[in-house]
Amino acid sequence: MPKKIKRNWFVPKERAMTDFDKRILAYQNRGKLVPKPQLIKTPEQIEGIRRSGVINTGVLDLVEEKICAGMSTAEIDRLVYDYTVAHGAIPAPLNYEGFPKSVCTSINEVVCHGIPSEDEILEEGDIINVDVSTILNGYFSDASRMFIVGGHSTPEKERLVKVAKECLDIGAQAAKPWGFIGDIGKAIARHAHRNGYTVVRDLCGHGVGNAFHEDPDVDHYDTHHDGMLIVPGMVFTIEPMINMGTWEVFIDEEDEWTVVTEDELPSAQWEHTFLVTEEGLEILTH
Ligand code: MF3
Ligand code: CO
């Protein structure tokens, strides 16, 4: 039995049907999942998200400049908070569903959502994901990078960081306007597996811009489904979490946030916010 698909697209009575509508409706009529109209950003919204992304990138550039062995993750949190607020913006993680800090800092076997702490001191050779999300004038952007503390780690961890970045780039190349979200995870999983790694399944990329997390879910593994149609004007993140061992993860019971690999082997993640154009994906967090 084919799954019943939500008919998300409609043309309001007040306006005539456009070629754009017709193109989307053709997919919907063939049983494909298409975005709701509000997921197609207006030029004004795109400009707002773009500006938010500029600050988000400024934060990550600052962290990249300052990060070093001996520093606590709480110091990274202060850098993020101070820079963001000084630029008239708000760190999106702060108080988001009870998250207590302004940024996620995830070291080695921590997959994501690590909480900055005074007691957590960066050591030479650690690999750390710093995940920054910014709200400017109500518009959200979201990106993360990996840093190798001290510039060198083990060859194994350095390769993981490199391949995780390749997974992000390959996922972005696989995402085409009038293609499908499912293409992204298929391409990422192929590259990860080819390199002997696994892909986290419990967390995904997401629509972003008018809120922190919007539709669609962007899975990074092969779901064997098309998923949502990719339409120009959509904005979403791709943020693959790539593991050295098992793809399985658990959540720290004490803080209820920190996501850790089940086998406690290292994990790496990179993330950008992308705008879909007629030509392909444009990075808004460069
Ligand atoms: N920045 C994360 C993402 O990429 C979300 C973090 S939620 C938080 O979607 F509360 F932990 F900040
Ligand atoms: Co995100």
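Every condition in (1) free of Cβ contacts under 8 Å to residues at least 60 places away in the same chain; (2) surrounded by 17 or more Cβ atoms within 10 Å (Cβ to Cβ); (3) within 16 Å of ligand 1 (Cβ to nearest atom) holds for L122 except the one numbered (3). Tell me whether the range 168-184 contains one or more residues that are in contact with a Phe, Trp or Tyr (Cβ under 6 Å, 6 or more places away or on another chain) and not aliphatic (A, V, I, L, M). Looking through the range 168-184, none of the residues is in contact with a Phe, Trp or Tyr (Cβ under 6 Å, 6 or more places away or on another chain) and not aliphatic (A, V, I, L, M). Scanning the range 232-256 for residues that are under 17 Å from the mean Cα position of the chain (by Cα) and aromatic (F, W, Y) yields a count of 1. Every condition in (1) within 30 Å of E124 (Cβ to Cβ); (2) free of Cβ contacts under 8 Å to residues at least 40 places away in the same chain is met by N243 except one, and the failing one is (2). For the criterion of being under 19 Å from R50 (Cβ atoms) and either open to solvent by 10 Å² or more (accessible area, probe 1.4 Å) or assigned to a strand (DSSP E or B) (or both), T285 fails. For the range 78-94, check the following and say yes or no: at least one residue is among the aromatic types (F, W, Y), touching a residue at least 12 places away in the same chain (Cβ under 8 Å), open to solvent by less than 70 Å² (accessible area, probe 1.4 Å) and within 16 Å of ligand 1 (Cβ to nearest atom). No.
If you go through the range 126-145 and keep only what is open to solvent by less than 10 Å² (accessible area, probe 1.4 Å) and more than 11 Å from ligand 2 (Cβ to nearest atom), you end up with I127, I128, N129, V130, T134. Screening the range 205-222 for residues that are free of Cβ contacts under 8 Å to residues at least 60 places away in the same chain and open to solvent by 40 Å² or more (accessible area, probe 1.4 Å) and picking the one that is nearest to ligand 2 (Cβ to nearest atom) gives H213.
Among the conditions (1) in contact (Cβ under 8 Å) with a residue 24 or more places away in the chain; (2) closer than 28 Å to Y139 by Cβ, A69 misses just one, which is (2).
If the condition is being open to solvent by 20 Å² or more (accessible area, probe 1.4 Å), assigned to a loop (DSSP other than H, G, I, E, B) and closer than 23 Å to E278 by Cα, then the range 152-176 contributes only K176. Of the numbered criteria (1) closer than 18 Å to L265 by Cβ; (2) within 16 Å of ligand 2 (Cβ to nearest atom); (3) of a type outside the set (S, T, N, Q); (4) surrounded by fewer than 18 Cβ atoms within 10 Å (Cβ to Cβ), the one V200 fails is (4). Within the range 143-159, residues that are under 29 Å from G53 (Cβ atoms) reach partners that are within 16 Å of ligand 2 (Cβ to nearest atom) and open to solvent by 30 Å² or more (accessible area, probe 1.4 Å) with beta carbons closer than 7 Å, at six or more positions or on different chains, in the pairs S144/W270; R145/W270; M146/W270.
Any residue in the range 90-101 that is in contact with a Leu (Cβ under 6 Å, 6 or more places away or on another chain) and at pLDDT 95 or above? Among the residues of the range 90-101, not one is in contact with a Leu (Cβ under 6 Å, 6 or more places away or on another chain) and at pLDDT 95 or above, which makes the answer no.
The values are calculated or read from the model by the stated rules, or taken from the named source; none is laboratory data. Please read these numbers as outputs of a predicted model, since none were measured by experiment. Note: ideal-geometry Cβ built from the backbone for every residue, glycine included; neighbour counts use all protein chains shown. SASA here: full protein model, heavy atoms, side chains in, ligands and nucleic acids out. Shrake-Rupley method; radii C 1.70, N 1.55, O 1.52, S 1.80 Å.
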